[in-house]
Amino acid sequence: MILRESIVPPRHAIPDTALQMSRISIFAAIACLMLLGGCTRGLDIGVTTIKPASLDELKTYVLKRKPDFEQFKLRGPYAVTVHKDRELRLSATERIDADLYLSASPERAPLVILLHGLDNSKQTHGYQALHLASWGMHSLSLQLPNNGPWVTNGHTLARMVKSIHDRPEIIDRRIDPQRIVLAGHSFGGTSVAVALAQGAPAVGGILLDPAGVSRTLPDHLGKIRVPVMVVSSDARVSVARNRDDFYDYMQGDVAEISISGASHEDAQFPLETAMPEAGTHTSARDDAQLSFVGALASAAFSLGFTGALDYAWSSFDAALRSGILLDARRK
């Protein structure tokens, strides 16, 4: 296995010569250019002004202040190390390909595992994973069969989470196995739901405009006992298949908000779209993608550091009043 690494510092730490990196890997160039310019296709991402001395200080600082969804749209204070095409071995015969994003914080920290949807890949969630790691949460973007079967992918995900929980050093010794969060987009949301129903040792889940594909999904959803945040597209723009099932059939703590004006594709954010020469085109809207990023980061921070949704839920108040977020509901 070959790992390609890139160290991605906060924007202010990158020298001007970073723009001359034409001979390094395309992925590293994309990441560095994003963090240098602070933009994605012209959109100013920005970077937080918080400069914590430790991860505990960051946690304390954030959680003791008024919850703010907007702050999580900004990049966090930590540099990120990217390991592409990391091979995870579940057994002698079963291996999973993934991209790993490690936060520079030396302390043990949560791990957020992201899973793509139909006809998509681990690269589809590259910026989201990098963004989460900049906020002190290690991230793993998985590549599973992208045409399903999604229930089977859920069983695979559950086994993988169990392996990481039991032996976090297979990823990194700084992974806190008691703070694993699962996130899935579209039909990947079905897989995350199945994994949680199977008892995957995660503190909670985040479903990015999830789509339901299995007749057994309601049964799985009814077995989930950890908090779940559903971040949906705008129903006036697009509605994923059986999306309401995810809220309706879960019996525990489940909350849902929608991103105003967002489509199903906006719940993804590939790094490659940062550079027009990468040749990637999408109908996704920059501001809607960034709102998905902010909601994802707020929910992951809430689940990863408190084990509950309360902080994230409170962080949405101002955005709901302004109309950036819509249709909030919580059981």
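Suppose we keep only residues that are in a strand (DSSP E or B) and of a type in the set (Gly, Ala, Ser) within the stretch 148-201. Which one would you say is surrounded by the most Cβ atoms within 10 Å (Cβ to Cβ)? Full working, then the answer.
First, pick out the residues of the stretch 148-201 that are in a strand (DSSP E or B): 148, 175-185.
Narrowing further to those that are of a type in the set (Gly, Ala, Ser): 148, 183-184.
Working: Gly148: 18, Ala183: 30, Gly184: 33.
Only one residue fits best here, namely Gly184.
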Could you check how many residues of the stretch 131-147 are under 15 Å from the mean Cα position of the chain (by Cα) and not in a loop (DSSP other than H, G, I, E, B)? 10
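Quick check on Asp245: is it of a type outside the set (S, T, N, Q), modelled with pLDDT under 95, in contact with a Gly (Cβ under 9 Å, 6 or more places away or on another chain) and surrounded by 15 or more Cβ atoms within 10 Å (Cβ to Cβ)? First the steps, then the outcome.
Values: of a type outside the set (S, T, N, Q): yes; modelled with pLDDT under 95: no; in contact with a Gly (Cβ under 9 Å, 6 or more places away or on another chain): yes; surrounded by 15 or more Cβ atoms within 10 Å (Cβ to Cβ): yes.
Against the criterion (of a type outside the set (S, T, N, Q), modelled with pLDDT under 95, in contact with a Gly (Cβ under 9 Å, 6 or more places away or on another chain) and surrounded by 15 or more Cβ atoms within 10 Å (Cβ to Cβ)), Asp245 does not qualify.
Yes or no, residue by residue, for (1) closer than 27 Å to Pro52 by Cβ; (2) of a type in the set (Asp, Glu); (3) in a strand (DSSP E or B); (4) touching a Ser or Thr at 6+ places or on another chain (Cβ under 9 Å):
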site: Tyr78; (1), (2), (3), (4): yes, no, no, yes
site: Asp85; (1), (2), (3), (4): no, yes, yes, no
site: Leu88; (1), (2), (3), (4): no, no, yes, yes
site: Thr93; (1), (2), (3), (4): no, no, no, no
site: Ala98; (1), (2), (3), (4): no, no, yes, yes
site: Tyr101; (1), (2), (3), (4): yes, no, yes, yes
site: Leu114; (1), (2), (3), (4): yes, no, yes, yes
site: Gly117; (1), (2), (3), (4): no, no, no, yes
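Please go through the stretch 91-102 and pick out each residue that is surrounded by fewer than 19 Cβ atoms within 10 Å (Cβ to Cβ) and charged (D, E, K, R). So that I can check it myself, show each step before the final result.
So the first thing to find is which residues in the stretch 91-102 are surrounded by fewer than 19 Cβ atoms within 10 Å (Cβ to Cβ), and the list is 91-95, 97.
Glu94, Arg95, Asp97, listed by residue number.
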Boolean, Ala255 is touching a His at 6+ places or on another chain (Cβ under 6 Å) and either crowded, with 16+ Cβ neighbours inside 10 Å or assigned to a loop (DSSP other than H, G, I, E, B) (or both): no
Taking the criterion of being buried (at least 19 other Cβ atoms within 10 Å of the Cβ), modelled with pLDDT of 95 or more, touching a Phe, Trp or Tyr at 6+ places or on another chain (Cβ under 7 Å) and acidic (Asp, Glu), would at least one residue in the stretch 202-223 satisfy it? no
It is to be established whether one or more residues within the stretch 142-155 are at pLDDT 95 or above, closer than 17 Å to Ala299 by Cα and not basic (Lys, Arg). no
I want to confirm something. Restricting to the stretch 225-242 and keeping residues that are in a loop (DSSP other than H, G, I, E, B) and of a type in the set (Val, Ile, Thr), which single residue is surrounded by the most Cβ atoms within 10 Å (Cβ to Cβ)? Val226
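Given the criterion surrounded by 24 or more Cβ atoms within 10 Å (Cβ to Cβ) and of a type in the set (Gly, Ala, Ser), identify the matching residue among Ser105, Ser121, Ser134. First the steps, then the outcome.
Numbers: Ser105 fails: surrounded by 24 or more Cβ atoms within 10 Å (Cβ to Cβ); Ser121 fails: surrounded by 24 or more Cβ atoms within 10 Å (Cβ to Cβ).
None of the other options fit; the residue is Ser134.
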Among the residues of the stretch 128-150, the number that are in contact with a Ser or Thr (Cβ under 8 Å, 6 or more places away or on another chain) and on the phi > 0 side of the Ramachandran plot is 1
Quick check on Glu57: is it surrounded by fewer than 20 Cβ atoms within 10 Å (Cβ to Cβ), in contact (Cβ under 8 Å) with a residue 40 or more places away in the chain and not hydrophobic (A, V, I, L, M, F, W, C)? no
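The values are calculated or read from the model by the stated rules, or taken from the named source; none is laboratory data. This structure is a prediction, so every number in the text was calculated from the model and none was measured. When we count neighbours, we look across all protein chains shown, and the Cβ atoms used for this are built from the backbone with ideal geometry, even at glycine.
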